[in-house]
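Structure first, commentary second.
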Amino acid sequence: NGRCSYLSAVRSNEGGFVIIGLHGGTEPPNYLIMFWVDFVFEGVNMARCNVKAKRDLEVYHKRRDGVNDISNAEVLCKKCHVDSPPGVAPPAFSLEIKYQALKAVGRQCQCTRLGCCHQYAPHSNAVLQELFRAGPWQGQEPGQADIIFLGLDANYSHDVDINLIRPYHENGVAFWQNHWQEHRVHHPFLLPEYTGDGRIFHQRFARMELDSGFATHLSFYRTSSLPNTGK
């Protein structure tokens, strides 16, 4: 639109991207922004839950048929575990079997069920989808922005609180301006009430220490046409 005279994304040697934008349109640029985004593509299994915290893992029985050896053991996190159907519970696993099961799967939840909370997929919240269709960007409208940060997708917690993020989607500039004075945040993902997916991108952006005076200049645009959840 003539306002952003240069925009580029260059792969760095450290596995991320440096995104560069020059402000100023046809005039000499009056500031330069460089932003490193830590996208990691190598070695990522998009179908498997990535929970590794020891306190969140347990060894469960795959079947209630009385078998109590390693063949019937499954390592799951608390979120991925589905309550067992009614019936007589099989004997508890020995500590040795639990150790073998955890070691065999790299001490990581082994859930790969489609539709589970960790699965990367379009977000199921209808209100969020509608907000995203009305404006598939965050912050300033792209046509009014001086600098646009391009991203792969907009990722949200599967149980996101719509009331927390709705004001930002309806007016991202006003949100940044209104919340900067008290909370020093530009995005609702950085509020203490939000603990889901999507925080890392905005935490890294916040390292540039841009105050609310930049709210009218910056837009975050995603190539995905729908909000997503999972990793």
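The values are calculated or read from the model by the stated rules, or taken from the named source; none is laboratory data. On a predicted model such as this, the values are computed, not experimentally measured, just so you know. Neighbour counts are summed over all protein chains in view; Cβ atoms, including those assigned to glycine, are modelled from backbone coordinates with ideal geometry.
Tabulated results
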quantity: Selection count where residues are in contact with an Asp or Glu (Cβ under 9 Å, 6 or more places away or on another chain) and either part of a helix (DSSP H, G or I) or of a type in the set (Phe, Trp, Tyr) (or both), scope region 121-170; calculated: 4
quantity: Answer from Asn178, Asn163 - the residue that is of a type in the set (S, T, N, Q) and in contact with a Pro (Cβ under 9 Å, 6 or more places away or on another chain); calculated: Asn178
quantity: So Asp153, is it of a type outside the set (Gly, Ala, Ser) and in contact with a Gly (Cβ under 9 Å, 6 or more places away or on another chain); calculated: no
quantity: Residue in region 171-178 that is at pLDDT 90 or above, small (Gly, Ala, Ser) and either farther than 19 Å from Leu226 by Cβ or assigned to a loop (DSSP other than H, G, I, E, B) (or both) present; calculated: yes
quantity: Conditions (1) loosely packed, with under 14 Cβ neighbours inside 10 Å; (2) in contact with a helix residue (DSSP H, G or I) (Cβ under 7 Å, 6 or more places away or on another chain): number failed by His169; calculated: (1)
quantity: Region 179-193, residues that are in a helix (DSSP H, G or I) and surrounded by fewer than 16 Cβ atoms within 10 Å (Cβ to Cβ); calculated: Gln181, Glu182, His183
quantity: Hey, Leu76 modelled with pLDDT of 90 or more, crowded, with 16+ Cβ neighbours inside 10 Å and farther than 30 Å from Glu209 by Cα or not; calculated: yes
quantity: Those residues of region 194-231 which are part of a helix (DSSP H, G or I), at pLDDT below 85 and in contact with an Asp or Glu (Cβ under 8 Å, 6 or more places away or on another chain), in sequence order; calculated: Ile200
quantity: Flag if His169 is in contact with a Gly (Cβ under 7 Å, 6 or more places away or on another chain) and either closer than 25 Å to His123 by Cβ or of a type in the set (Ser, Thr, Tyr) (or both); calculated: yes
quantity: Neighbours by Cβ (under 7 Å, 6+ apart or cross-chain): first from region 116-127, more than 13 Å from Asp197 (Cα to Cα); second modelled with pLDDT of 85 or more and part of a loop (DSSP other than H, G, I, E, B); calculated: Asn125/Val160
